[in-house]
Every structure is written in structure tokens, then in C-alpha cells.
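Q: Provided herewith is a single structure, encoded as C-alpha cells, for subsequent inquiry.
The values are calculated or read from the model by the stated rules, or taken from the named source; none is laboratory data. This one's a predicted model, so the numbers in the text were calculated from it and none came from an experiment. FYI the Cβ positions are ideal-geometry reconstructions off the backbone, even for glycines, and counts take in every protein chain you see. The area values use the complete protein model at the heavy-atom level, side chains included, leaving out ligands, DNA and RNA. Shrake-Rupley method; radii C 1.70, N 1.55, O 1.52, S 1.80 Å.
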Amino acid sequence: MLKVSIITQQLNEGQYWQETFSNAWSGQLELTLQKEFVIKKEADLIVLDFTGHEKAHETLTDISSMLTGKHFLIVSDVKDIDLAMDAMKFGAIGFLVKPFKRSELLATLERLRHVPAGGAAIQKSAKVIAMLSYKGGTGVSTGVVNLAYALSHVYQKKTLVIDAAGFSNHVTVLLNVIPKCTLADVCRQGEVDEQYLNSAVSNVGKNLSIIGGLIKPSDYNDVNIDVLNKLIEVASENYDFIIIDTSAHSLDEMTMFFINKATDLLLLTTFDLLAIRDNRFYIQTLKELGISEHKIKPIINRQNWYIGSLEPELVQKQINHNIFHALPNDWQLCVESSNYGRPVLELAPDSQLSTSYKILASKFVKSDSPETNLELPTKEAIQSEEKKQKKKGILGWF
């Protein structure tokens, strides 16, 4: 986990800093803001934001002794050469001028990984993504498999899938793989380290690994939250992404553990009014339980423009939360994918649904790959394509 302390007089920029670091750091993040330019707590990175500060030079000099042996970054809203020189003199890892580019922050964080400051460099930390839905049948397991496949095969990111969806083990079925170990096996093991993790996972290609879900009701008695916490800790140092398949209708201890550990919560809903209603309740409940609003990212699954589906804007209004992504409907491809035990990206890599999963994955990779420039087809384009397909049939000749 990256712990960042932001010291700024602009305390209304909490969301700005949260989104800025979330877009650049693919791992767990703990961010705090304070107004006084005093080093109050230990942090992996201290950001001194002198935006609107009239005495930046004097303040930096006054607190320079507190910054010895610490990683710190200077941010300003003006190009102040003298302040930049002071920053270098006192050992800052960077000097950024607002509005700075994401690539500039990435370069600074990369230095943070490799340059010790009175301690070890920041360790690799995976981005933990939990997929969930209060209503069953919205495609959570299918989403987990295809997002993980896109991250691991399209973007070559080392990805671990953890099946925490009760006793279904749909993920292993959808990938046609037999898990070496289940979550219950891991908990019974007790001690989890890198060597054990490498022997416990089943691999699908060189970048995708799986830990299976519970098999029988008695397995739940073996679930140990402390061991699961160690599992996430060890996996975070060995993987780029950890994708978790969670149970529907459930806020039990294990599900809540993974929800709290996740850096992003992808909440799947369909245009089914019951799904919209249930997930609106789910989002509100998660917020009341203290889950940060920015972590919750609703996704519309099976969007079907040409048969009169509700518009995404209406769904967004009903659940009272911004829609993060929309996956087009291709029921036939999903059924075929399930029957063969192969991801849709492998079965039909050029399909609209595969393209949409690549775009979804790119939002987390933050890659400059051409895939990130792909756009979902418009409603009019889909309707036009439907007409073309109908004309290819024999009735189109008359």
C-alpha cells in the first residue's frame, strides 16, 4: 500500500488528489490531507502543495529539517525556478507545476520505487479489483474471467484471480481449469509466503493464475481472515492485478474483507429493473458501511440498444451513481464461450464485446496502447449493422 500525505491549503481538492494518484498508482492507496505544513505522521510520500501559498520559500526552509530522510514531492501552481532549486537542494524527488501531466507524476512515482530515503524503496503493490452485484445473474463471473484475460493476455500484466463467490467456482469452469488450491486450502495452510503462493495457484498461460473457491459448506469453517490478509499482502508483491469474484446477495465476513481490500469495486448491473433496484440498494449500503464512493464503479452489462433497452443515463439516475463502463450484449457469444470454457477474447477477439473488455482493461492499465483509443459503437451504428445482417437472409431479397 502506498501511503501519501498531502499538505495543502486547498482542502477542497481531496477528490482531485485521490483521482490523480488512483490514475497513476496501480495498487492500494491511502491518502490523507492536512492544512498545517508540519510532518505529523509517517508516509511513503509527502506532497507539499504550495498552490496559493505566498511564502513557499520560507515555509519549505522552515520544515526542511523535518523532511530529512523522507520522500517528498513539491507541487506549485507557478513556475518558480527558485522554489524548484530549493526543492532539489533539500532532496525532493520531484517538482511539478499544476496542471501537470499523468506521465510526469508516473515518472516521479517510478523514482519513488527505486530511491531509498532513510529506508527501503516502495515495494510493488497490485491493484485489487473486486467484481460484485447484489442480484445474481448479472454476469459477474463472466466479467471477472474476461477482464482478467484482457489484462493478462492483451496487456501482459501478471494477474491473479481469486474465486470468492461462494461454492460455485464458475471462474474455473469458464476457463476450463482445475484449481490446485481453494481459499479453504490456503486458510488451512496458515503460513502464506511467495513460495507457497507459487505452488498453490493454477496457471492459464504465463500471466494468469487462479485460486479456486470454496467447494463444500464445511469449507467456510476454515476461512481465516488473517490468512486471507496475508494472501493479499504476498500476492500484491508478486502480481500487477488481483481480480476477485464475489458472491451475490452477500455481505458476509469474507465478502466484506475483499470489498475493503479492493482498490476498485466493479458493480455489474443489467437493464433488468430488479437488478437496477437491487444494485441501487447495494451501492447505498456500501456507502453507509464506510466504503469510499470513488471506489464504486458501476458497469452496465448486456447493453442492447436495438431492442429498446433503457438508456444508460436513466440507469445512472436510478442508481444515483456515475456509470463507469458499458458492455454490449452478445448472449450467443457468451453461451458459446461458456460451453467451450474459453474467454470471449480468445474465442472472438474482434467482436464488439471483446473490444469493450479491452477498453475496460485499458482504464486500469492506463496504457498508451492503441486499444485505449477504441470506442464502443454508437446506437445508430449497431442499428445499421443489424439492418445489413437482416438483408443477408433470403427474406432480404424480396
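Q: Being in a strand (DSSP E or B) and either among the hydrophobic types (A, V, I, L, M, F, W, C) or farther than 17 Å from Thr51 by Cα (or both) is the filter here; which residues of segment 5-25 pass it? Steps first, answer last, please.
A: Step one: filter segment 5-25 for residues in a strand (DSSP E or B), giving 5-8.
Once the filter is applied, which keeps residues that are in a strand (DSSP E or B) and either among the hydrophobic types (A, V, I, L, M, F, W, C) or farther than 17 Å from Thr51 by Cα (or both), segment 5-25 yields Ile6, Ile7.
Yes or no, residue by residue, for (1) under 22 Å from the mean Cα position of the chain (by Cα); (2) open to solvent by less than 20 Å² (accessible area, probe 1.4 Å); (3) within 23 Å of Met1 (Cα to Cα):
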position: Lys127; (1), (2), (3): yes, yes, yes
position: Thr172; (1), (2), (3): yes, yes, no
position: Asn176; (1), (2), (3): no, no, no
position: Ala184; (1), (2), (3): no, yes, no
position: Gln195; (1), (2), (3): no, no, yes
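Q: Right, something else. Kindly provide the set of residues from segment 144-165 that are under 18 Å from Thr355 (Cα atoms) and crowded, with 24+ Cβ neighbours inside 10 Å, ordered by number. It would help to see each step written out before you state the result.
A: Narrowing segment 144-165 to residues under 18 Å from Thr355 (Cα atoms): 144-157.
Of everything in segment 144-165, those that are under 18 Å from Thr355 (Cα atoms) and crowded, with 24+ Cβ neighbours inside 10 Å turn out to be Val144, Val145, Asn146, Leu147, Ala148, Tyr149, Ala150, Leu151, Ser152.
Q: Considering segment 47-66 alone, what residues qualify as being closer than 11 Å to Leu83 by Cβ and hydrophobic (A, V, I, L, M, F, W, C)?
A: Leu48, Phe50, Ala56, Leu60
Q: May I pose another question? Name the one entry in Gly137, Gly205 that is within 15 Å of Pro343 (Cβ to Cβ), modelled with pLDDT under 90 and either surrounded by fewer than 24 Cβ atoms within 10 Å (Cβ to Cβ) or under 16 Å from the mean Cα position of the chain (by Cα) (or both). So that I can check it myself, show each step before the final result.
A: Values: Gly137 fails: within 15 Å of Pro343 (Cβ to Cβ).
It is Gly205.
Q: Within segment 33-50, does at least one residue satisfy the condition of being in a strand (DSSP E or B), modelled with pLDDT of 85 or more, over 30 Å from Ala130 (Cα atoms) and not polar (S, T, N, Q)?
A: yes
Q: Which is surrounded by fewer than 19 Cβ atoms within 10 Å (Cβ to Cβ) and in contact with a Cys (Cβ under 9 Å, 6 or more places away or on another chain), of Ser168, Ser250, Ser199? Steps first, answer last, please.
A: Details: Ser168 fails: in contact with a Cys (Cβ under 9 Å, 6 or more places away or on another chain); Ser250 fails: in contact with a Cys (Cβ under 9 Å, 6 or more places away or on another chain).
One residue alone meets the criteria, Ser199.
Q: Need pairs with beta-carbon distance below 8 Å; first residue farther than 16 Å from Lys70 by Cα and within segment 107-136, second at pLDDT 55 or above and of a type in the set (Lys, Arg); sequence gap 6+ or separate chains.
A: If the second residue must be at pLDDT 55 or above and of a type in the set (Lys, Arg), the pairs left are Lys124/Arg113; Val128/Lys261; Ala130/Lys261.
Q: Let me ask something else. For segment 80-108, name all the residues that are surrounded by fewer than 19 Cβ atoms within 10 Å (Cβ to Cβ) and in a loop (DSSP other than H, G, I, E, B).
A: Matches in segment 80-108: Asp80, Phe90, Gly91, Lys98, Pro99, Phe100, Lys101.
Q: Also, quick follow-up: Pick from segment 30-79 the residues that are out of contact with any Asp or Glu (no Cβ under 9 Å at 6 or more places or on another chain), open to solvent by 40 Å² or more (accessible area, probe 1.4 Å) and aliphatic (A, V, I, L, M): which of them is nearest to Val97 (Cα to Cα)?
A: Val78
Q: Hey, any hits in segment 10-25 for a residue that's touching a helix residue (DSSP H, G or I) at 6+ places or on another chain (Cβ under 8 Å), more than 30 Å from Ile242 (Cα to Cα) and open to solvent by 30 Å² or more (accessible area, probe 1.4 Å)?
A: no
Q: Follow-up. Picking from Glu233, Glu191, which residue would you name as being closer than 21 Å to Lys157 by Cα and either modelled with pLDDT under 90 or among the acidic types (Asp, Glu) (or both)?
A: Details: Glu191 fails: closer than 21 Å to Lys157 by Cα.
One residue alone meets the criteria, Glu233.
Q: Within segment 208-235, how many residues are within 17 Å of the chain's Cα centre (by Cα) and open to solvent by 10 Å² or more (accessible area, probe 1.4 Å)?
A: Counting residues in segment 208-235 that are within 17 Å of the chain's Cα centre (by Cα) and open to solvent by 10 Å² or more (accessible area, probe 1.4 Å) gives 1.
Q: Now a separate question. If I filter segment 240-289 down to residues being free of Cβ contacts under 8 Å to residues at least 60 places away in the same chain and within 19 Å of the chain's Cα centre (by Cα), which single residue comes out as farthest from Thr142 (Cα to Cα)?
A: Of everything passing the filter in segment 240-289, Lys287 is farthest from Thr142 (Cα to Cα).
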